[in-house]
Amino acid sequence: MKTQIIRLDVHDDFISTRDKMGWGQTGRILLIWPESGHVLNRQLDLVLMQRHSQSLGAQLALVANDPQVRAHAYDLAIPVFKSLGHAQRGQWRVARRRRAPRRPAIQPPEGPPQDLRAIRQELRPAAPAWLERVEVRVGVFSLGVLAVLALAAALLPGARLTLQPVIRPQSLTLEVSADPNLQTNNLSGSIPARPYTIVVEGRDFLLSQGTQRVPEKAASGQVLFTNLTERAIAIPSGSVVRTVGEDPQRFVTTRSGNMPGGIGNTLSLPVRAVQAGEIGNLPSDSLVAIEGPLGLDLTANNPQPTSGGSSRQAAAPTAFNRRQLYERLEQELRATALSEAQLQLQTGDLLFTSTITLTQVLEQAYDPPALQPSERLNLSLRLEYQVLTALQTDLQTLAISLLDAGLPQGYAPLPETLSIKHLSSPEAGSDAKVTWRIQLERQARAQIAPSQATAMVLGLPPQQAAMRLTAGLPLQSEPQIALAPRWWPRLPLLPFRIAVDSIQ
């Protein structure tokens with residue numbers, strides 16, 4: 001006979017299993033339980049599946065290892081196998097139902113009838129001892145009272161008071177100083193002066209305003225060499241002859257020559273000054289020294305003066321030009337440092353421009369580096385400056401401390417109403433302190449405790465309550481009283497039924 005095999009999942013229930021059973025049209029249905037998990041292990045589930053299989057005209061059998069499922073199947077006469085192979089090879093015999101053992105009939109007890117009232121009293125359990133304690137009863141009673149009060153709070157009339165407390169201005173004018181030696185504020189009116197360091201660099205130039213003679217042509221002449229030996233001597237081009245003294249003038253031969261052998265023989269060669277300019281125009285008998293080994297074998301002399309050396313006038317920066325350019329560029333960099341420092345500060349911070357000082361020259365380069373001829377003088381500077389500042393936070397802290405000292409009793413400052421006005425320009429003194437005058441202003445509002453306002457109006461009519469609040473509290477305007485319900489003639493007697501709002 002054809003068998004429909006249905007494998008159950010761990011999440012299957014009767015409905016999903018019934019749907020699976022209804023898909024096939026076979027004479028036998030075999031349900032295979034999963035190896036793990038508890039699926040359809042109630043007897044009711046097996047009864048329903050057995051009925052459904054019977055309605056389909058099929059015989060139901062199970063493959064399950066769950067003891068509970070096997071026990072229910074045995075009670076319902078459903079064949080159960082250990083594996084799919086046993087189910088396919090074995091016969092589906094219907095097991096007999098186990099009969100429930102018969103219970104003996106209950107015989108009425110012999111003797112006189114029992115007292116049912118006494119039996120009921122004995123069977124009724126005694127109340128726990130803690131229920132008889134006084135504190136437990138008081139606690140339960142208190143909970144009941146609180147529940148009643150909560151109900152009353154929801155049902156009894158209420159009121160809302162809208163109050164506008166008085167606002168008073170505070171003002172103080174004083175002279176404040178910024179001291180670089182302070183680390184914290186001083187209630188005498190002093191705050192720390194914070195040093196701020198800036199490094200700036202720049203370049204500038206100016207046209208040379210001086211003149212300087214510049215060598216243009218080198219002097220030339222003739223030098224007569226005399227042989228001091230018996231052998232011939234070759235004199236190469238570029239041999240050096242010079243004057244004697246602390247600042248010798250050097251000349252070089254412009255061509256080579258051969259000195260004939262023999263003491264007293266002479267050779268005249270042309271020479272040109274190494275350094276151009278009039279300095280090379282020498283009198284006769286000036287070039288008498290020979291540099292190098294030739295000086296041991298030869299003597300030299302210029303019978304005629306050297307000539308032809310000349311110079312020209314050229315533009316050149318002077319020492320005044322260098323100082324002028326440095327001062328001009330330094331002033332520009334000083335202004336740049338102040339501008340950069342102002343951009344770096346936070347809103348409200350003060351920059352004391354009069355305190356800026358040059359602390360270090362990091363780089364200074366002139367072009368040309370010395371007083372040499374040039375059409376223009378270039379300068380590159382990299383400088384470090386330091387300037388004193390006053391932070392807005394320090395000023396606000398000082399202002400709050402001073403204004404709090406004069407705050408009237410019962411008032412509190414309003415946030416975001418503090419203003420600081422600078423009445424004069426900061427001036428640096430000889431003691432490195434910077435002083436100026438400021439004006440501090442702030443708004444303070446009267447503090448009204450809601451419990452105080454509530455206690456003043458309990459049970460009063462609205463008009464009388466408004467008059468009492470106006471007379472007893474610092475109010476800016478007449479208080480507003482709203483009752484709920486509106487037609488209620490008096491304010492509530494319970495304080496928690498009155499809400500108090502303050503207008504900012």
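Nothing in this text is a laboratory measurement; each read-out follows from the coordinates by a stated rule. This one's a predicted model, so the numbers in the text were calculated from it and none came from an experiment. All Cβ positions, glycine included, derive from the backbone under ideal geometry; neighbour counts span all protein chains shown.
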Charge dipole (the stretch 212-314, unit charges on Cβ, about Cα centre) - positive-most of Ser311, Ile233, Thr253: Ser311
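Mind running the shape call on the stretch 3-89? Use the C-alpha gyration tensor, a ≥ b ≥ c as the square roots of the eigenvalues: rounded below 1.5 for a/c, prolate if a/b tops b/c, oblate otherwise. Intermediate results must be reported in sequence, preceding the final value.
Values: a/c = 1.29, a/b = 1.16, b/c = 1.11.
Note, shape of the stretch 3-89 comes out rounded.
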Extending each Cα 7 Å along its Cβ direction at Leu296 and Ile6, get the distance between those two points in nm, one decimal. 13.1
Treat each spin label as a single point 7 Å out from the Cα along the C-beta direction, and report the Lys217 to Ala405 distance in nm. 8.8
More than 22 Å apart: what percent of Cα pairs in the stretch 212-314 qualify? 29
Return the long-range amide H neighbours of Leu287 (sequence gap of 5 or more, or a different chain), with a cut-off of under 5 Å between placed amide H atoms. Asn302
Once the Cβ-Cβ distance between Glu332 and Asp247 is put in as r, and R0 is 30 Å, what FRET efficiency do you end up with, to the nearest 0.05? 0.10
Send over the per residue convex hull volume for the stretch 364-412, Cα only, as a whole number of Å³. 109
Based on alpha-carbon centroids, what's the gap between the stretch 271-290 and the stretch 154-179 in Å, whole number please? 100
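What does the C-alpha gyration tensor say about the overall shape of the stretch 170-236? Classify as rounded when a/c is under 1.5, otherwise prolate if a/b is larger than b/c, or oblate.
Taking the square roots of the gyration eigenvalues as a ≥ b ≥ c, the stretch 170-236 is prolate.
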Dividing the alpha-carbon radius of gyration of the stretch 318-465 by 2.2 N^0.38 Å, where N counts its residues, gives 1.94
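Give the calculated FRET efficiency between Asn181 and Glu375 to the nearest 0.05, with a Förster radius of 56 Å applied to their Cβ-Cβ distance. If you can, show how the numbers build up before the last one.
Numbers: r = 51 Å, r/R0 = 0.91.
Step by step, r from the Cβ atoms, then E = 0.65.
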Inter-part gap, Cα centre of the stretch 18-47 to Cα centre of the stretch 216-234, in whole angstrom, is 135
Share of pairwise Cα separations in the stretch 1-54, more than 17 Å, in percent: 31
Net length gained if the chain between Val47 and Arg468 were fully extended (0.36 nm per residue, minus Cα distance): 143.3 nm
Along its three principal axes, how long is the stretch 413-491 when you only count alpha carbons? Whole Å, largest extent first please. 75, 18, 17
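Once you have the Kirkwood Rh of the stretch 197-260 from its Cα pairs, apply Stokes-Einstein at 20 °C and 1.002 mPa s and quote D in µm²/s.
On the way: Rh = 17.1 Å.
Approximately 125 µm²/s, per Stokes-Einstein.
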How about the stretch 303-400: which GluC sites (Glu not before Pro) there are in a DSSP loop, with at most 16 other Cβ atoms within 10 Å of their Cβ? Glu375
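Give me the number: length gained by fully extending Thr254 to Ser16, i.e. 0.36 nm times residue separation minus the C-alpha to C-alpha distance, one decimal in nm.
Numbers: separation 238, 0.36 × 238 = 85.68 nm, distance 12.31 nm.
Roughly 73.4 nm would be gained on extension.
If you take the beta carbon distance between Leu143 and Leu458 as r and set R0 to 25 Å, what does 1/(1 + (r/R0)^6) give as a FRET efficiency, to the nearest 0.05? Walk me through the numbers on the way to the answer.
Working: r = 26 Å, r/R0 = 1.06.
Computed FRET efficiency for Leu143 and Leu458: 0.40.
As a check on your grasp of the helix formula, calculate [θ] at 222 nm for the chain: sum -39500 (n - 2.57) over DSSP H runs of n ≥ 4, divide by the residue count, round to the nearest 500.
-7500 deg cm²/dmol
Once you list every other residue whose beta carbon is under 12 Å from the beta carbon of Thr435, what net charge do they have if Lys and Arg are +1 and Asp and Glu are -1? If you can, show how the numbers build up before the last one.
Working: positive: Lys433, Arg437; negative: Glu175, Asp179, Glu427, Asp431.
With Lys, Arg at +1 and Asp, Glu at -1, the neighbours total -2.
Between Leu174 and Gln439, 0.36 nm times their residue separation minus their Cα-Cα distance comes to what?
Values: separation 265, 0.36 × 265 = 95.40 nm, distance 0.66 nm.
Stretched out fully, the Leu174 to Gln439 stretch lengthens by 94.7 nm.
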The chain -> Rg/Rh from Cα coords, Kirkwood Rh, value 1.52
Helix by helix through the chain, keep the DSSP H runs that span 27 Å or more along the axis on Cα and average at least 0.0 on Kyte-Doolittle, and give those back in order. 134-155
